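Take a look at the structure below.
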Amino acid sequence: MKILVVDDERDVQFLFEQKFRKEIRSGFHNFIFAFSGEEALKELEAMPREELLILSDINMPGMSGLDLLEKVKDKYRTPPPCVMMITAYSDEHNRKEANRLGADDFLTKPVDFVSLKEKLETLNL
């Protein structure tokens, strides 16, 4: 499964690579990292159209994760990417806005990697 992780905190890359090292080595997951919404859009433009999961932080400088979600859901419809929003804030406003914009799931920081792995297993990507 190809997974685009979007977060302005660069240590997220190391964390995901550690938590998913077995899946990465086996080729089960292919992670791509972008450190801003703008960088994520550039990555998406360069990718072939294929099944994709996007895990995006909401609160980032510049383009927020919600802005990115809106652009992704508007532009990439075939096949539509699955988008899970991640935030340190579990406030109801962000959750409602993410749902309104078409988020497929909503996760809070710190990410529960056991739960995330279970969710990934149930996706049909």
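So, in the range 92-114, exactly how many residues are under 16 Å from E9 (Cβ atoms) and surrounded by 13 or more Cβ atoms within 10 Å (Cβ to Cβ)?
5
Only residues in the range 64-83 that are crowded, with 16+ Cβ neighbours inside 10 Å count as the first member; pair them with residues that are modelled with pLDDT under 95 and basic (K, R), Cβ under 9 angstrom, at least 6 apart or cross-chain, and list the lot.
Listed pairs, sorted by first residue: Y76/R49; P81/K73; V83/K73.
Please give the number of the condition I32 fails out of (1) in a strand (DSSP E or B); (2) out of contact with any helix residue (DSSP H, G or I) (no Cβ under 7 Å at 6 or more places or on another chain).
Result: I32 passes all but (2).
Does L66 qualify as being within 19 Å of K109 (Cβ to Cβ) and not hydroxyl-bearing (S, T, Y)?
yes
Could you check how many residues of the range 53-66 are in a loop (DSSP other than H, G, I, E, B) and either modelled with pLDDT of 95 or more or not aliphatic (A, V, I, L, M) (or both)?
5
I'm told D57 meets every condition in (1) among the acidic types (D, E); (2) farther than 21 Å from T108 by Cα; (3) surrounded by 15 or more Cβ atoms within 10 Å (Cβ to Cβ) except one. Can you identify the failing condition by its number?
Of the numbered conditions (1) among the acidic types (D, E); (2) farther than 21 Å from T108 by Cα; (3) surrounded by 15 or more Cβ atoms within 10 Å (Cβ to Cβ), the odd one out for D57 is (2).
Restricting to the range 88-125, name every residue that is assigned to a strand (DSSP E or B) and under 11 Å from the mean Cα position of the chain (by Cα).
D105, F106, L107
May I ask you to list the residues in the range 84-107 that are free of Cβ contacts under 8 Å to residues at least 24 places away in the same chain and closer than 22 Å to E23 by Cα?
D105
As an exercise: evaluate F16 against (1) within 13 Å of the chain's Cα centre (by Cα); (2) touching a residue at least 24 places away in the same chain (Cβ under 8 Å) and give the number of the one condition it does not meet.
(2)
Kindly indicate the residue of the range 13-52 that is surrounded by 13 or more Cβ atoms within 10 Å (Cβ to Cβ), at pLDDT below 95 and not acidic (D, E) and also nearest to E70 (Cα to Cα) among those meeting that condition.
L44
The values are calculated or read from the model by the stated rules, or taken from the named source; none is laboratory data. Remember, it's a predicted structure, so these values are computed and weren't measured experimentally. Glycine also receives a Cβ, built like all others from the backbone with ideal geometry; neighbour counts cover every protein chain displayed.
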